[in-house]
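The values are calculated or read from the model by the stated rules, or taken from the named source; none is laboratory data. If you're wondering where the values come from, they're calculated on a predicted model, not measured in any experiment. Cβ placement follows ideal geometry from the backbone for every residue including glycine, while neighbour counts extend to all protein chains displayed. Accessible surface is based on the protein model in full, side chains and every heavy atom, while ligands, DNA and RNA are left aside. Shrake-Rupley method; radii C 1.70, N 1.55, O 1.52, S 1.80 Å.
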Amino acid sequence: MASEPIDINLLDNGSQTINADNANPDSNNLVEISAIGTGERELIVDGVQADINSILDIKALAEPTFTATNGGELTLSQGLLNVTALSSTKFKVGGDSTINYDASTISALDGLNKYSVEFTDEAPGTFNYDPPTVGLLSGINFDVTGAKAGDQLNLSKGGWELDDGLFTDAYRDNALHLKGGGLGVLKTSVTAKIPMTQQEYDDWVGGRSNREINNDLANEGFTFPGEPVCFAAGTLIATPEGETTVETLAIGDSILTASGETVAVKWIGRQSLRPVAAGEKFQAVRVAQGALGDNIPSQDLTLTAGHGLIIDDLVINAGVLVNHDTIRFVPSQELPAIVTYYHVETENHEVIIANGTPAETYVDYIDRQAFDNYAEYVALYGNETRIVEMPRHRIASRRLLPLSVRQQLNIEDALYAAKTA
């Protein structure tokens with residue numbers, strides 16, 4: 001039997017929360033909002049799924065905020081907010097949480113055409129927008145704030161592309177500008193402004209051409225640059241005394257580099273993720289025992305897709321090596337509800353041995369804030385310190401993967417079979 005809808009009244013109440021105390025934590029919950037009053041009002045979906053089914057009344061100058069946090073998922077139709085009474089509307093996306101904003105059914109724009117999307121936590125969140133099926137005279141604009149490594153902004157019906165022109169760059173005014181929806185009476189223009197530094201933009205571009213970027217945006221959506229390069233718990237790290245699990249390493253412990261030198265652990269970063277909410281760059285990759293060579297790895301190695309392994313003197317991100325056979329993305333159902341990853345930071349960017357496999361230590365200082373224990377780093381070392389990347393070429397895109405590595409790991413054949421199966 002279906003659960004009764006949850007009644008929410010934001011007429012006089014400034015904020016109301018839907019969580020496991022008043023909702024079913026194991027299924028989607030229908031929500032009926034009787035009224036949204038004048039001024040600031042907030043509906044918080046905390047750790048559960050909620051689908052706003054109706055909004056009966058919106059008072060003049062209403063300023064609603066819709067928040068998903070702690071793994072919550074909120075779905076809302078733009079048609080319910082397509083009224084002239086609204087003064088503003090904001091969406092707040094917490095860590096491991098998702099907001100779905102669906103405009104597919106509206107045929108005319110009577111309400112706002114500009115929305116705020118704020119990412120509020122260190123852990124990544126996701127905002128999905130489904131634009132109108134028919135073209136609207138007014139475009140839809142999203143101002144994004146607070147985005148950090150791994151946060152995702154997705155657009156259906158063709159996806160994003162760079163919002164540039166003959167005399168205009170997509171990166172301007174310290175922000176990346178994206179557009180989607182296309183031109184013409186049958187399509188609605190959608191734009192997004194995402195603040196980021198020049199360094200973050202350069203890292204995101206990563207040597208791609210505009211055409212390649214647009215293709216990636218259309219197929220994968222937008223993910224804010226920078227991802228932790230981490231090992232899963234249980235990974236064995238080589239030390240002078242033998243192998244030890246990464247989660248038991250401590251600051252000051254000695255570990256071995258691939259060249260046999262001893263270096264000290266400067267910091268161990270931790271980040272906990274919900275696999276079902278993780279973006280592609282955070283997705284777990286499992287390298288089977290012996291996939292890279294004779295007993296390399298010495299046992300299955302699980303790490304994030306952005307973590308570099310050393311092959312033929314190149315630093316190759318694990319996700320690029322996926323061949324859907326001996327190296328594969330790990331489905332979320334095969335992982336615990338919460339997965340904790342660990343990164344090993346040393347004074348310099350080093351090659352260490354993880355499950356018998358040469359792998360990089362932490363390198364990109366921009367991402368430290370994404371770790372759960374970032375405050376510990378600040379307390380120990382104060383300001384962020386930049387780590388210079390080792391003098392090896394990094395392969396972060398499959399198109400740059402050398403033919404010799406493709407053939408060695410049977411990557412092309414596996415991909416072709418996956419596409420044609």
Looking at the stretch 192-202, which of its residues are more than 23 Å from TYR129 (Cα to Cα) and crowded, with 18+ Cβ neighbours inside 10 Å?
GLU200
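Just to be sure before I move on: is GLU347 in contact with a helix residue (DSSP H, G or I) (Cβ under 6 Å, 6 or more places away or on another chain) and open to solvent by 40 Å² or more (accessible area, probe 1.4 Å) in the structure I sent?
Considered against the rule, which asks whether it is in contact with a helix residue (DSSP H, G or I) (Cβ under 6 Å, 6 or more places away or on another chain) and open to solvent by 40 Å² or more (accessible area, probe 1.4 Å), GLU347 comes out as no.
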Just name the residue that is farthest from THR346 (Cα to Cα) out of those in the stretch 389-410 that are surrounded by 13 or more Cβ atoms within 10 Å (Cβ to Cβ), of a type in the set (A, V, I, L, M, F, W, C) and out of contact with any His (no Cβ under 9 Å at 6 or more places or on another chain).
LEU409
If you take the residues of the stretch 219-265 that are farther than 30 Å from ASP163 by Cα and among the charged types (D, E, K, R), which of them is most open to solvent (accessible area, probe 1.4 Å)?
GLU241
Exactly one condition in (1) at pLDDT 95 or above; (2) under 22 Å from ASP143 (Cβ atoms); (3) open to solvent by less than 10 Å² (accessible area, probe 1.4 Å) is not met by LYS92; state its number.
(3)
Name the residues in the stretch 306-315 that are surrounded by fewer than 22 Cβ atoms within 10 Å (Cβ to Cβ) and in contact with a strand residue (DSSP E or B) (Cβ under 6 Å, 6 or more places away or on another chain), would you?
ILE310, LEU314
Given the conditions (1) at pLDDT below 95; (2) touching a Gly at 6+ places or on another chain (Cβ under 9 Å); (3) of a type outside the set (Ser, Thr, Tyr), which single one is not true for ALA60?
(2)
Conditions (1) more than 17 Å from PHE66 (Cβ to Cβ); (2) at pLDDT 90 or above; (3) within 22 Å of the chain's Cα centre (by Cα); number of the one not met by ARG172:
(3)
Does ILE255 qualify as being assigned to a loop (DSSP other than H, G, I, E, B) and modelled with pLDDT of 90 or more?
no
Tell me, which residue of the stretch 359-388 that is open to solvent by 80 Å² or more (accessible area, probe 1.4 Å) and either β-branched (Val, Ile, Thr) or in a loop (DSSP other than H, G, I, E, B) (or both) is modelled with the lowest pLDDT?
ASN383
Looking at (1) closer than 25 Å to ARG211 by Cβ; (2) in contact (Cβ under 8 Å) with a residue 40 or more places away in the chain; (3) not basic (Lys, Arg), which one does ASP169 not meet, given that it meets all the others?
(2)
List the number of the failed condition for ASN70; all other conditions in (1) closer than 18 Å to TYR115 by Cα; (2) modelled with pLDDT under 95; (3) not basic (Lys, Arg) hold.
(1)
Condition set in a strand (DSSP E or B) and among the hydroxyl-bearing types (Ser, Thr, Tyr), scope the stretch 295-347, selection nearest to HIS393 (Cα to Cα): answer is THR304
Report whether or not ASN53 is open to solvent by 20 Å² or more (accessible area, probe 1.4 Å), outside any strand (DSSP E or B) and touching a strand residue (DSSP E or B) at 6+ places or on another chain (Cβ under 9 Å).
no
Here is a list of conditions, (1) closer than 16 Å to ILE411 by Cβ; (2) loosely packed, with under 15 Cβ neighbours inside 10 Å; (3) polar (S, T, N, Q), and GLN333 meets all of them except one; can you say which number that is?
(1)
Selection count where residues are in a loop (DSSP other than H, G, I, E, B), out of contact with any Asp or Glu (no Cβ under 7 Å at 6 or more places or on another chain) and surrounded by 13 or more Cβ atoms within 10 Å (Cβ to Cβ), scope the stretch 1-12:
1
Among the numbered criteria (1) at pLDDT below 95; (2) part of a strand (DSSP E or B), which single criterion is violated by LEU217?
(2)
Please work out if HIS324 is more than 15 Å from ALA238 (Cα to Cα) and under 25 Å from the mean Cα position of the chain (by Cα).
yes
